[in-house]
Amino acid sequence: MLSGNVKAILLFTVLSGMLIVACNTTEPVVKHDIIKGKTISSIVESMTLAEKVGQMTQADRRYLIDIDDIKDYYLGSILSGGGSTPEVNEPAAWANMVDIYQSKAAETRLGIPLMYGIDAVHGHNNVIGATIVPHNIGLGATANAELVRQLAQLTAREVRATGINWTFAPCVANSRDERWGRAYESFGEDPQLISELGAAQVSGFQGSSLDAADAIAACTKHYIGDGAPTWLTGEEGLIDRGDAMIDEVTLRALHLPQYIAAMEAGTATIMASYNSWNGEKLHGHKYLMTDILKDELGFQGFIVSDWKGIDGIPGDYKSDIIQSINAGIDMVMVPGDVTKNGYTYREFIETFKEAINEGSIPMSRIDDAVSRILTVKKDMGLLDNAFRNDRSLLASVGSDEHRALARQAVKESVVMLKNSESTLPLSKNATRIVVAGRGADNVGMQCGGWSISWQGSHGDITPGTTIFEGVQELVSENTEVQLSIDGTASSGADAVIVVIGEDPYAEMVGDRENLNLSEADIAVLNTVKSSGVPMVVVLLSGRPMIINEVLNDADGFLAAWLPGTEGGGIVDVIFGEHNPSGKLSVTWPASMEQIPINSGDSEYEPLFPLGFGLNY
Ligand code: GLC
């Protein structure tokens, strides 16, 4: 005779198993025949106002007041903002979490599935164990569009393995001022290169068909002029989210081509930018979002706001909603939570419906936005099969094959700025090699921001290969490899590799008034220099820094940007497994006084020009 408790445990186990099986099914699970095979217009006609407004609302999973709100408020999308991870941050836990959210959406009258969005901006970078590839500034140095496409394909597979179907990438910012904390999210300063690589990422994410089991929707961002502001124009930081004070000719020349290229590549969505253009917030800018992007250029996908992006529009919350939706925003990212400042998705939805009912937002605009969202969902196959998570992709997350491709990207991203007396490549048969500096054995510093957490962090944050480990793996068994973070063990070595650079940061947290090296880095460089041993400097940074002095002292100097988990790619360059091929995708300033400095400026005497890079 089974006790009540045992019965309850058995029942829970059986039900959980059924839920997992239901979630695991790859059979089409179409809840309601109202949507299957129907035209978008007929679905929109059948929708209530609450269902329409719900589709236009995106909430962050960590701020869901009640998981049933997904069903009760008909939410169209959920996101994981930076660091918004399941309790156990491992791939299968992500997939289980997303399936549960999808099952809530499936309980609504129409059963329209969620688009689940995440910042997979350099691999599936929120997930422990995933492959983290170089940030865009390093990809810019490769100038290799096919490689960038393959990396995006890799990322799409790892993202879909976790049940997620939308990434907020590519960032196609044209970063004009290196003091900006998002400079590393930009491919560089040449709109042509940005266009090529941004389009390649869109193609890699979305594949040949957006409804493939390993495709994810792209989100080209941040429209428009996110990289244009200069110092002290920022509202949040000192430059981030600032005011792009440029004329329309410059805006169209430097910041628009990459969106045209992304649309030609079929980007499903575009994200509005926090910045202003000559004093007017982009999130409320009808001329730029509707007249140019949708009418003049014919963008057929949908525009999603940035994180509380509409809140920055002057006026109260209701007027923010009215202005942004009427200006062309189709889906609003509403991550506010009841404990902190910011409006919750519940307040957003109630205020939004009020604005519609009083006639401040025409129903034609609502129907246009919902049609755009549902068209993307249909292209993604979401209106035919609610649960399409191919769990077999889990084996690809962080796989050797993926890491090998990421390592190739790292090799091609490294830019050699100095190599006096052919110090490089070092010999794999040296007697003793010392690896020094804060970045010597530090996957977190290799990855930079947007890595496991929003800001990223130093140390062993996720499985990967540090530069020290890479040297150990590559050199001969007779070579002694010694880790000496402070460089004091340098004397007598054949060579010392000193790895310095920036602490991880993201967005406005990375806005810097000066780009000088840290005291700690200068100290280790002086220590190694005093040993008189050949010194190879590796700089891990999200942008050019002021390196004039260290350049004089160094025998070899490599700009390695933010390479991600596969630090072995840098070691391949150091020891000649790869002839350095990286070329600067940004101008390298000789002093802070020169910044902003970009190719095409009338005065242009940088330390290294756009396109510079040495080889063996
Ligand atoms: C952030 C960023 C944007 C990101 C979004 C969601 O504030 O500006 O790039 O996609 O919020 O995390």
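Taking every DSSP bridge with both residues inside the chain, close to 20 percent are antiparallel. The modelled label-to-label distance between E513 and D390, using points 7 Å beyond Cα along the C-beta direction, is 5.3 nm.
Would the range 224-345 count as rounded, prolate or oblate if I go by the C-alpha gyration tensor, calling it rounded below 1.5 in a/c and otherwise prolate when a/b exceeds b/c, oblate otherwise? Cα axes put the range 224-345 in the oblate bin. When only Cα pairs below 8 angstrom with a gap of at least 6 residues are kept, the range 4-396 shows a relative contact order of 20 percent. Residues S103, S175, arranged from fewest to most other Cβ atoms within 10 angstrom of their Cβ, appear as S103, S175. State log₁₀ I(q)/I(0) for the range 414-594 at q = 0.12, 0.17 Å⁻¹ as given by the Debye formula over alpha-carbon point scatterers of equal weight, solvent excluded. Each listed q maps to, in turn, -0.51, -1.06. With the simple model of a label 7 Å out from the Cα in the direction of the Cβ, D460 to D72 spans 4.5 nm. Per the Kirkwood formula applied to alpha carbons, the chain shows a radius of gyration over Rh ratio, Rg over Rh, of 1.00.
How big is the Rg/Rh ratio for the range 128-192, C-alpha atoms only, Rh by Kirkwood, two decimals?
Numbers: Rg = 12.9 Å, Rh = 12.9 Å.
Rg/Rh: 1.00.
For the pair S399 and T375, label points projected 7 Å from Cα toward Cβ lie 3.5 nm apart. Each 10 Å bin from zero up to the one holding the largest Cα-Cα distance in the range 188-241 carries the following percent of pairs: 21, 35, 27, 14, 2. Sorting W450, W588 by the number of Cβ atoms found within 10 Å of their own Cβ, with the fewest placed first, yields W588, W450.
Potential lengthening of the chain between T488 and A212 amounts to 93.9 nm, from the contour at 0.36 nm per residue minus the alpha-carbon distance.
Which of the residue pairs K294/K353; K308/K353; K71/K377; K38/K378; K221/K377; K221/K583 have a Cα-Cα distance greater than 21 Å in the structure shown? Distance filter (> 21 Å) returns K294/K353; K221/K583.
Rounded to the nearest 0.05, what FRET efficiency do D316 and M363 give with R0 = 25 Å and r taken as the Cβ-Cβ distance? Could you check? Once rounded, the FRET efficiency stands at 0.65. With R₀ fixed at 45 Å, the C-beta to C-beta distance from D601 to Q150 puts the FRET efficiency at about 0.85. Our helix-only sum for the chain, with -39,500 (n - 2.57) per DSSP H run of n ≥ 4 divided by its residues, gives a mean residue ellipticity at 222 nm of -10000 deg cm²/dmol.
By the rule of a C-alpha distance below 18 Å, with chain neighbours fewer than 8 residues away ignored, the lysines paired with K428 are K411. The length gained by stretching the chain between S427 and E347 to full extension, at 0.36 nm per residue less their Cα-Cα distance, is 22.4 nm. Taking 0.36 nm per residue of separation and subtracting the current Cα-Cα distance, fully stretching the chain between N526 and E593 would add 21.6 nm.
Spatially, the range 266-337 and the range 35-52 are offset by 24 Å when compared through their Cα centroids. A simple count of charges around K418, restricted to other residues whose Cβ falls under 12 Å of its Cβ and scoring Lys, Arg +1 and Asp, Glu -1, yields -3.
Find the relative contact order for the range 414-594 and round it to a whole percent, using C-alpha pairs within less than 8 Å whose residues are 6+ positions apart. Normalised by residue count, the contact order of the range 414-594 is 33 percent.
The HN-Hα couplings worked out from phi for the range 216-229 by the Karplus form 6.51 cos²θ - 1.76 cosθ + 1.60 (θ = phi - 60°) are 10, 6, 8, 9, 6, 8, 10, 6, 9, x, 4, x, 7, x Hz, whole numbers, x standing for Gly and Pro.
Every read-out reported here was derived from the displayed coordinates using simple, explicitly stated rules and does not represent laboratory data. Treat the numbers as computed from the prediction; the structure is a model and nothing was measured. Cβ atoms come from the backbone with ideal geometry, glycine included; neighbour counts cover every protein chain shown.
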